[in-house]
Amino acid sequence: MFHQNSTDSGNMSIQPYLNLDQVTVTAMQKAENGSATYTPMVFYKIYRLLAKIVPSALMVKFTSVEGSTK
């Protein structure tokens, strides 16, 4: 969750923007209704699924910010 008006043009800027206030309210509502987890947006749901099925060493290389080129 990053600021929408960030001037950083690295890898993190390709991820969809999340409104922290909206995600917090929704997550709290889901928790009150008994949900153990809440994952917003299809992009993050797919990412979460990939993190479960792809070996962790490969996910680290895929999500590494340090190795990115600007």
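Things to note:
- Val25 meets each of the listed conditions (1) at pLDDT 90 or above; (2) assigned to a loop (DSSP other than H, G, I, E, B) apart from (2).
- Summed over the range 28-39, the residues that are free of Cβ contacts under 8 Å to residues at least 12 places away in the same chain and surrounded by 10 or more Cβ atoms within 10 Å (Cβ to Cβ) give a count of 6.
The values are calculated or read from the model by the stated rules, or taken from the named source; none is laboratory data. Note that the structure is a prediction, hence the values are computed from the model and not measured. Glycine gets a Cβ as well: all are built from the backbone with ideal geometry, and neighbour counts include every protein chain shown.
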